Amino acid sequence: MSELFAAVEIIAAKRDKGELSDPQIDWVIDAYTRGAVADEQMSALLMAILINGMNSREISRWTDAMINSGERMQWSALDRPTVDKHSTGGVGDKITLPLAPLVAACGAAVPQLSGRGLGHTGGTLDKLESIPGWRASLSNEEMLAVLKSCGAVICAAGAGLAPADKKLYALRDVTATVEAIPLIASSIMSKKIAEGTSALILDVKTGAGAFMSDPLKARELAQVMVDLGTRAGVKTRALVTAMDVPLGLTAGNALEVRESVEVLAGGGPADIVELTLVLAREMLDASGVKPLMDPADALKNGAAMDSWKAMIRAQGGDPDAKLPVAKEHTIVMAESSGEMIAMDAMKVGVSAWRLGAGRSRQGESVQAGAGIEIHAKPGEQVVAGQPLFTLHTDEPARFERALEALHGAVKISSTGEKVERLPLIIERIEG
Ligand code: URA
């Protein structure tokens, strides 16, 4: 079959800071997905995009082309509006776990397609897979059945959803081209738009432990994604939120499930509860549903917990089963007394990853019980010798490198220095 364009001309156009036309974008995404554009050619184009950028028309067309590479899901069989949340990811970010059943308990439907973690941030599916029996892979029919019966489903995106993104993401990962705003925004939004949700709340993280550590870049990414969603008819809003300090008091799969269940039982750390409630209220408002109750009440009166248990059971899991616990642990003590003024989320994330909570290659397995418990956070007084972290792993040989990663992770001051923290909610962007 003769091709409409030559890949090399498209690469040269972007290398020379040109704009790609709509037909060029449609062709290059389609041709790459079916194997007619080689990985080395797409790598060169991605690097040219990373260096020279794309304008809003190009980003929007690139996103549409990725959506059109696969199926588009739709939820018209449901009797309530759909709303989803996407987080750009961070250390201890387990918010999806309490949030999806909470929003379902308040009256909206949450079709949440999630991913596995790579690098220092954990993936929602890895966390849920620490629950005995729980299954991430569902057919579209199963997904609809769980949504109808429980109001929320969290599962893996099937192979049919934005297949162009699957190929492109794997290539970006090995060609140092992940960090381009047009590529990140189109990757995230192609999947969310193809997922068929009517409303979407984006939680764009910023700070040391986030993928976009610069708040201005995080804002720019949030705005580009809100524009893409709005243009596609999805009611989209974004919150830029803090990821300078880990969220909550745990980082690691089963540890984070345990903390999420504490939140669903009406307890849990204050930052997790606050962010879960802010996002739940945004989701309910964007969905247009008249809430059956306030999300704070749903956490206190057991309604959110009931939705969680139903959702876990519907996917084969036992919500009452004992969660896996790592075989070994070691404790890190405070070296001095004073006020903790900072904690570096990235260092905690890397340490949890080295303990076995995360993977360094796609397809690697993770340890369910590995990770870190945090015993004090910035703003708290600590005394020398008090436990700051408990590290968990099945393989004690991992402790050395995990402890190395934690060097300098906390600052303790006895001279009245100010706590260095970003506000939890930094900015709100509406389409
Ligand atoms: N998550 C995605 O799905 N895509 C990106 O490019 C980055 C984060």
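Using alpha carbons only, the radius of gyration of region 7-53 set against its Kirkwood radius gives Rg/Rh = 0.93. Taking amide H atoms as placed 1.01 Å from N in the peptide plane, the amide H of PHE389 lies under 5 Å from those of VAL332, HIS375, each 5 or more residues away in sequence or on another chain. Rounded to the nearest Hz, the phi-derived 3J(HN,Hα) couplings of region 301-312 under the Karplus curve 6.51 cos²θ - 1.76 cosθ + 1.60 (θ = phi - 60°) are 9, x, 5, 5, 5, 4, 5, 4, 5, 5, 5, 5, where x marks glycine and proline. Counting only protein heavy atoms and a probe of 1.4 Å, the accessible surface of region 7-53 is 53% carbon and sulfur. Considering all C-alpha pairs of region 328-413, those separated by over 17 Å amount to 45%. Couplings 3J(HN,Hα) of region 122-134, computed from phi: x, x, 4, 5, 4, 5, 5, 5, 7, 7, x, x, 5 Hz, in residue order, whole Hz [Karplus 6.51 cos²θ - 1.76 cosθ + 1.60, θ = phi - 60°; x for Gly and Pro].
Listed values for region 190-195 are Karplus-derived 3J(HN,Hα) couplings in whole Hz (6.51 cos²θ - 1.76 cosθ + 1.60, θ = phi - 60°), namely 4, 6, 5, 6, 5, 5, and x replaces Gly and Pro. Among beta bridges from DSSP that stay inside the chain, the antiparallel ones total about 55%.
One decimal place: the segment GLU3-LYS217 gains 73.3 nm when fully extended, by the rule 0.36 nm per residue minus the C-alpha distance. Near the amide H of LYS85, within less than 5 Å, lie the amide hydrogens of ILE201, all on another chain or at least 5 residues away, with H placed in the peptide plane. Based on alpha-carbon centroids, what's the gap between region 273-314 and region 198-218 in Å, whole number please? The distance from the Cα centre of region 273-314 to that of region 198-218 comes to 23 Å. Ordering MET66, ALA254, VAL153 by Cα displacement along the dipole of the chain toward the positive end leaves VAL153 in first place; charges were set at the Cβ atoms of Lys, Arg (+1) and Asp, Glu (-1).
Spin-label pair ARG135-ASP297: with each label point 7 Å from Cα along the Cα-Cβ axis, the two points sit 3.6 nm from one another.
Taking amide hydrogens as placed 1.01 Å from N in the peptide plane, the amide H of VAL153 sits under 5 Å from those of VAL110, GLN112, each at least 5 positions away in sequence or on another chain. Between ALA31, ALA44, SER21, the Cα set farthest toward the positive side of the dipole of region 7-53 (charges on each charged residue's Cβ, about the Cα centre) is that of ALA44.
Rounded to the nearest 20 debye, the dipole magnitude of the chain is 360 debye, with +1 charges on Lys and Arg beta carbons, -1 on Asp and Glu beta carbons, and the Cα centre as origin. With a Förster radius of 56 Å applied to the C-beta separation of LEU424 and GLU40, the computed FRET efficiency comes to 0.80. Excluding the site residues themselves, the longest part of the chain lacking any trypsin sites (Lys or Arg not before Pro) in a DSSP loop with at most 13 other Cβ atoms within 10 Å is 73-321.
Here the accessible area of region 328-413 is 49 percent carbon and sulfur, with a 1.4 angstrom probe and all protein chains present. Once C-alpha pairs closer than 8 Å and six or more residues apart are averaged by separation and normalised to the residue number of the chain, the relative contact order reads 20 percent. With the cut-off at under 13 Å, measuring from each backbone N in region 316-332 to a point 7 Å along the Cα-to-Cβ line of ARG80 picks out no residue. Accessible area per residue of the chain at 1.4 Å probe, in Å²? It amounts to 40 Å² per residue over the chain.
The label point for GLU274 and the one for LYS411, both projected 7 Å from the Cα toward the Cβ, are 2.0 nm apart. Using 28 Å as the Cα-Cα cut-off, could you pick out the over-long pairs in LYS235/LYS418; LYS94/LYS235; LYS191/LYS347? From the list (LYS235/LYS418; LYS94/LYS235; LYS191/LYS347), the Cα-Cα distance tops 28 Å for LYS235/LYS418; LYS191/LYS347.
The values are calculated or read from the model by the stated rules, or taken from the named source; none is laboratory data. This is a predicted model, so every value here is computed, not measured. With ideal geometry, Cβ positions are generated from the backbone for all residues, glycine too; neighbour counts draw on all protein chains shown. Quick note on the areas: whole protein, heavy atoms, side chains included, nothing else; ligands and nucleic acids left out. Shrake-Rupley method; radii C 1.70, N 1.55, O 1.52, S 1.80 Å.
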